[in-house]
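Undergrad: Here it is: the structure, laid out below.
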């Protein structure tokens, strides 16, 4: 029993490290490391009402539907974590988005909550929560 508790706690710490590594890699543009942390079956959900809103299945869909669009449509887009909440196989990250929408030249900042569901050391599910109105204001031309 004691060995199982240790193994479970060790896996939780590994999950937390994996998620932290994702944000570090994203900040430096290392998208291959980010994609490497995702399960082949990941369900990645961007908030309803967010410009990229919807669920993407698999790392390739996340790359094409989310990361490539963020890179091409936004200047300096960032997701900066402020707090990591370790709940074992679930990691919650609170932080702030920022960036400038290229078409309008408008910048935004918005708090986010990300919920990561981990399985076998990989992200099996990602859910984004954000105030989409703050993002949409950057998308609107004057």
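Undergrad: When only residues in the range 27-51 that are touching a residue at least 24 places away in the same chain (Cβ under 8 Å) and assigned to a helix (DSSP H, G or I) count, which is nearest to residue 137 (Cα to Cα)?
TA: The selected residue is 27.
Undergrad: Can I ask one more? How many residues does the range 88-98 hold that are at pLDDT below 95 and within 14 Å of residue 77 (Cα to Cα)?
TA: Counting residues in the range 88-98 that are at pLDDT below 95 and within 14 Å of residue 77 (Cα to Cα) gives 0.
Residue by residue, here is whether (1) loosely packed, with under 12 Cβ neighbours inside 10 Å; (2) modelled with pLDDT of 95 or more holds:
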position: 12; (1), (2): no, no
position: 29; (1), (2): yes, no
position: 39; (1), (2): no, yes
position: 46; (1), (2): no, yes
position: 51; (1), (2): no, no
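Undergrad: Can you pull out the residues in the range 86-99 that are over 18 Å from residue 37 (Cβ atoms) and surrounded by fewer than 17 Cβ atoms within 10 Å (Cβ to Cβ)?
TA: Once the filter is applied, which keeps residues that are over 18 Å from residue 37 (Cβ atoms) and surrounded by fewer than 17 Cβ atoms within 10 Å (Cβ to Cβ), the range 86-99 yields 94, 96, 98.
Undergrad: Okay, next question. Here is a check on your reading of the model: is residue 24 farther than 14 Å from residue 127 by Cα, without any contact (Cβ under 8 Å) to a residue 12 or more places away in the chain and under 12 Å from the mean Cα position of the chain (by Cα)? Let's see the steps before the verdict.
TA: Values: farther than 14 Å from residue 127 by Cα: yes; without any contact (Cβ under 8 Å) to a residue 12 or more places away in the chain: yes; under 12 Å from the mean Cα position of the chain (by Cα): yes.
The answer is yes for residue 24.
Undergrad: All but one of (1) loosely packed, with under 15 Cβ neighbours inside 10 Å; (2) touching a helix residue (DSSP H, G or I) at 6+ places or on another chain (Cβ under 9 Å); (3) under 26 Å from residue 41 (Cβ atoms) hold for residue 102; state the number of the condition that does not hold.
TA: (3)
Here is a yes/no grid of residues against (1) assigned to a loop (DSSP other than H, G, I, E, B); (2) closer than 19 Å to residue 18 by Cα; (3) in contact (Cβ under 8 Å) with a residue 60 or more places away in the chain; (4) under 12 Å from the mean Cα position of the chain (by Cα):
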| residue | (1), (2), (3), (4) |
| --- | --- |
| 81 | no, yes, yes, yes |
| 91 | no, yes, yes, yes |
| 98 | no, no, no, no |
| 113 | no, yes, no, yes |
| 125 | no, yes, yes, yes |
| 128 | no, yes, yes, yes |
| 142 | yes, no, no, no |
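Undergrad: Anything in the range 130-139 that is outside any strand (DSSP E or B) and crowded, with 19+ Cβ neighbours inside 10 Å? List them, or say none.
TA: Going residue by residue through the range 130-139, those that are outside any strand (DSSP E or B) are 131-139.
Result: 135, 138.
Undergrad: Kindly provide the set of residues from the range 100-111 that are part of a loop (DSSP other than H, G, I, E, B) and in contact with a strand residue (DSSP E or B) (Cβ under 8 Å, 6 or more places away or on another chain), ordered by number. Show your work before the answer.
TA: Of the residues in the range 100-111, the ones part of a loop (DSSP other than H, G, I, E, B) are 102-105.
Once the filter is applied, which keeps residues that are part of a loop (DSSP other than H, G, I, E, B) and in contact with a strand residue (DSSP E or B) (Cβ under 8 Å, 6 or more places away or on another chain), the range 100-111 yields only 102.
Undergrad: Looking at 77, 67, can you tell me which residue is more than 20 Å from residue 14 (Cα to Cα), free of Cβ contacts under 8 Å to residues at least 40 places away in the same chain and part of a strand (DSSP E or B)? Walk me through it before giving the result.
TA: Details: 67 fails: part of a strand (DSSP E or B).
So the residue among 77, 67 that is more than 20 Å from residue 14 (Cα to Cα), free of Cβ contacts under 8 Å to residues at least 40 places away in the same chain and part of a strand (DSSP E or B) is 77.
The values are calculated or read from the model by the stated rules, or taken from the named source; none is laboratory data. Keep in mind that this is a model prediction, so the values were computed, not measured. Because the Cβ atoms are built from the backbone with ideal geometry, glycine has one as well, and the counts that use them run over all protein chains shown.
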